[in-house]
Amino acid sequence: SHPTGPIEVERKFVPGPTVEDQLHSLGAELKDETVFQDSYYDSLDNRLTLADIWLRKRADSWELKQPLLRGAHGLNGASTQYQEVTCEAEILRRVSEELGVPCPHNLDALGLNEFARFVTTRRKFLFPAHNGSGHNVAVDLDTTDFGFAVGEVEVLVQREDEVKRALQEVEDTCRKLGVLSESPVPGKVSTFLLRNRAEHYRKLVEAHVL
Ligand code: V4E
């Protein structure tokens, strides 16, 4: 497979009231707090999300997340690994291919349906890079405008052969924070769908995407 963007290895967790103190104790530092709006898009028959393909506009930029292996899904135990594509030409190719339509010149021409829109406030913490071949581990503490909070431990890697190591680093960090859950923790989009789009949510559960 050819590289089309970084691979995000991530594990979500339920943030407790002392999580920021714990992060500081473990040596992580607050990098910044950002606020952004995400809009998620799909065809009316949900063809993209049923294939575990997530197309969104974040702060006016298009982004697509797809499973590393075509046809597989991105969930690996309680961790996830998705390829992130930000090149708009590449996104156009991928989306039109999945929908079985000719590749248009821009995404608006596909007439997709916005199925979720929400605003996230994100506090991003970084662990200092340890010397050697360790990856940089980031922890995001997110709260949304629909009253939901979730934490994410994540590592970005460039190649598939780094995923195994990254999964261990993510798991180690969760363990140190005391938030290593054996079962997947629901994220922002799943929770938004469960609360606002029950039928779409049900279809994704039935298709084993969520
Ligand atoms: C729903 C979904 C995806 C879209 C949202 O990705 P997520 O990592 O939840 O969001 P976000 O905004 O924090 O991304 P970042 O800012 O880190 O780029 S991608 C994959 N899914 C499906 C999915 C799943 N099947 N299981 C779990 C536990 N999470 C997501």
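Readers should treat all values here as calculations from the given coordinates under stated rules, not as data from a laboratory. Computed from a predicted structure; not experimentally measured. Every residue, glycine among them, receives a Cβ derived from its backbone with ideal geometry; neighbour counts consider all protein chains shown.
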*asked:* I'd like the distance separating the alpha-carbon centroids of segment 194-210 and segment 104-125, in whole Å.
replied: 18 Å
*Pairing the Cα long axis of helix 88-99 with the longest principal axis of the chain, what angle in degrees results, from 0 to 90 and rounded to the nearest 10?*
60 degrees
*Rounded to the nearest 500, what is the 222 nm mean residue ellipticity of the chain from helices alone, with -39500 (n - 2.57) per DSSP H run of 4+ residues and division by all residues?*
-7500 deg cm²/dmol
*Compute the Cα gyration tensor for segment 93-158, then decide on rounded, prolate or oblate, letting a ≥ b ≥ c be the square roots of its eigenvalues: rounded whenever a/c is under 1.5, prolate when a/b is larger than b/c in the other cases, and oblate in all that remain.*
oblate
*asked:* If I take every Cα pair under 8 Å that is 6 or more residues apart in the chain, average their sequence separation and divide by the length, what percent do I get for the relative contact order?
replied: 30 percent
*With a/c under 1.5 counting as rounded, go ahead and sort segment 94-203 into rounded, prolate or oblate using the C-alpha gyration tensor (a ≥ b ≥ c being the square roots of the eigenvalues; past the cut-off, prolate if a/b is larger than b/c, else oblate).*
oblate
*May I ask you to give the average projected area over all directions of the convex hull of the Cα atoms of segment 1-126, in nm² rounded to one decimal?*
9.3 nm²
*If you keep only loop residues by DSSP, which GluC sites (Glu not before Pro) in segment 162-210 have at most 16 other Cβ atoms within 10 Å of their Cβ?*
Glu182
